[in-house]
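Structure record follows, encoded as structure tokens.
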Amino acid sequence: MKYISLLGATGSIGTQTLDVIRNHSDKFRLVAFSIGKNIELARKIIAEFSPELVSVKERTDYESLKAEFSSNIRFSYGDDGLVEVAAYEKTDVVVNAVMGSVGLFPTLQAIKAKKTIALANKETLVTAGHIVMEAAKANEVSILPVDSEHSAIFQCLQGEKEKNIERLIITASGGSFRDKSREELKDVTVDQALNHPNWSMGAKITIDSATMMNKGLEVIEAHWLFNVPYEKIDVLLHRESIIHSLVEFRDTSVKAQLGTPDMRVAIQYALSYPDRLSLTSGHKLNLAEIRKLHFEEMDLNRFVCLKLAYEAGRVGGTMPTVLNAANEMAVDAFLNRKISFLTIDEFVSKALEKHHMINHPDLDTIKMVDQETRAYINSLL
């Protein structure tokens, strides 16, 4: 039995993680979880899974749930609550499914507590990859990827030697607007942007997919997870989302991981690793039905956010922190209908141009740069 702590239980990855735990209750038990504001769903999770520790965002919700439920459940709130869930003493695996840079510090505390990390929070490695990977190595902690693309690469690398990797190829569906030119994107709406052709995801990730920032963040994340330089990480447009990523080796062999678009596959693999479990209600891949798979090169002039991410990653230092913070603020502004779709990459570009890179930043510097970047984007609104 593996005991699971889940950060971000009510989001898209969080609810699918609960589905995996639910369908393999003989293998996994939810002992702790955190949520933001969806208190009604939190009540249902508590009733079904009987966790020992629950953290919420606001103190008022903490007081309400504490008064409502048994004294056998411990409640907490705020940033301290996230850390408590991440470092809970009984936990074997921490699933980090929170959105944004708020996931960084709980991850570091979980690593310090020597918990295995199942990572779905891209921003943790984008903003502080060097710190996180050094901490994981020092504490002999495994970081298992939950993103479908990184899970695919991780699966392809089983039994392989790092020295033999020639290239990582991350696939991209192209998002909601893959067939539109930049000229056609001037007046697209929030509802249109949220209509992803292949995947069911949260709002922020869906917008990142439409701008292709999602792939940019994945490139930076792959650099840290697999210790591969940026010049050996490519992105390939693949409309069907059947091949989730590929690895090319120095003998020209290429491995690919294929499957229907279902995030539970990657989540379950991270929880069950190195074993595999049956996926209840999963749809098996039938290539005879699909018949054709399509691939195209990525146009970096069309997908500006992907280009910006490569540039920020190669420069390094605090540049990826700026990239991430500016993007989070810009996407939030778009979702709240304060800016147009194309203004997202304009704001990110301005933030990167304005920033003076700091090399090898410590955690305090990263926090400072993150806050300064958010304030700058806010000043543009």
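The values are calculated or read from the model by the stated rules, or taken from the named source; none is laboratory data. No experiment lies behind these values; they were computed from the predicted model shown. A quick note on method: Cβ atoms are made from the backbone with ideal geometry, for glycine too, and the neighbour counts reach across all protein chains shown. Note: areas computed on protein heavy atoms with side chains; ligands, DNA, RNA excluded. Shrake-Rupley method; radii C 1.70, N 1.55, O 1.52, S 1.80 Å.
Things worth noting here:
- Segment 100-169: trypsin sites (Lys or Arg not before Pro) in DSSP loop, at most 16 other beta carbons within 10 Å: Lys114, Lys161
- Estimated dipole of segment 77-192 in Debye, rounded to 20 [Cβ of Lys and Arg +1, of Asp and Glu -1, Cα centre]: 340 debye
- Of Ala351, Ala42, Asn96, farthest towards positive along the dipole that unit charges on Lys, Arg, Asp, Glu beta carbons give the chain: Ala42
- Mean sequence separation of contacting Cα pairs (under 8 Å, at least six apart), scaled by the length of segment 225-344, corresponds to a relative contact order of 22 percent.
- About the Cα centre, charge dipole magnitude for the chain (Lys/Arg +1, Asp/Glu -1 at Cβ), debye: 480 debye
- Relative contact order (%) - segment 1-142, alpha-carbon pairs under 8 angstrom, separation at least six: 24 percent
- Net length gained if the chain between Lys137 and Lys354 were fully extended (0.36 nm per residue, minus Cα distance): 74.7 nm
- Contour excess over end-to-end distance, with Cα ends at Asp179 and His130 and 0.36 nm allotted per residue: 14.0 nm
- For the chain: rounded, prolate or oblate by the Cα gyration tensor [a/c cutoff 1.5]: rounded
- Spin-label pair Leu258-Arg22: with each label point 7 Å from Cα along the Cα-Cβ axis, the two points sit 3.1 nm from one another.
- With R₀ fixed at 51 Å, the C-beta to C-beta distance from Asp187 to Ala288 puts the FRET efficiency at about 0.80.
- Computed helical MRE - 222 nm, the chain, DSSP H runs ≥ 4 contributing -39500 (n - 2.57), nearest 500: -14000 deg cm²/dmol
- Cα centroid of segment 2-58 to Cα centroid of segment 101-169, whole Å: 22 Å
- Potential lengthening of the chain between Asn72 and Arg167 amounts to 29.1 nm, from the contour at 0.36 nm per residue minus the alpha-carbon distance.
- When the GluC sites (Glu not before Pro) in segment 52-89 are filtered for DSSP coil states and for at most 15 other beta-carbon atoms within 10 Å of their beta-carbon, the remaining sites are Glu58, Glu89.
- Estimated FRET transfer efficiency when R0 is 22 angstrom, pair Ser64-Leu335 (beta carbons, to 0.05): 0.20
- GluC sites (Glu not before Pro) within segment 150-226: DSSP coil, no more than 13 neighbouring Cβ in 10 Å: Glu160
- GNM result for the chain, Cα springs below 10 Å: residue of Ala118, Ala351, Ala32 fluctuating most strongly: Ala351
- Tensor-based shape of segment 1-119 (alpha-carbon gyration tensor, a/c under 1.5 rounded, otherwise prolate or oblate): rounded
- Our summary gives the chain a relative contact order of 15 percent, counting only alpha carbon pairs under 8 angstrom and 6 or more residues apart.
- Which listed pairs, of Lys37/Lys57; Lys122/Lys215; Lys27/Lys57; Lys2/Lys37; Lys66/Lys115, have C-alpha distances above 18 Å, in listed order: Lys27/Lys57; Lys2/Lys37; Lys66/Lys115
- Within the accessible area of segment 17-164 (1.4 Å probe), percent carbon and sulfur: 46 percent
- The chain: DSSP helices with Cα axial extent of at least 20 Å and average Kyte-Doolittle hydropathy no lower than -1.0: 122-138, 319-335, 363-380
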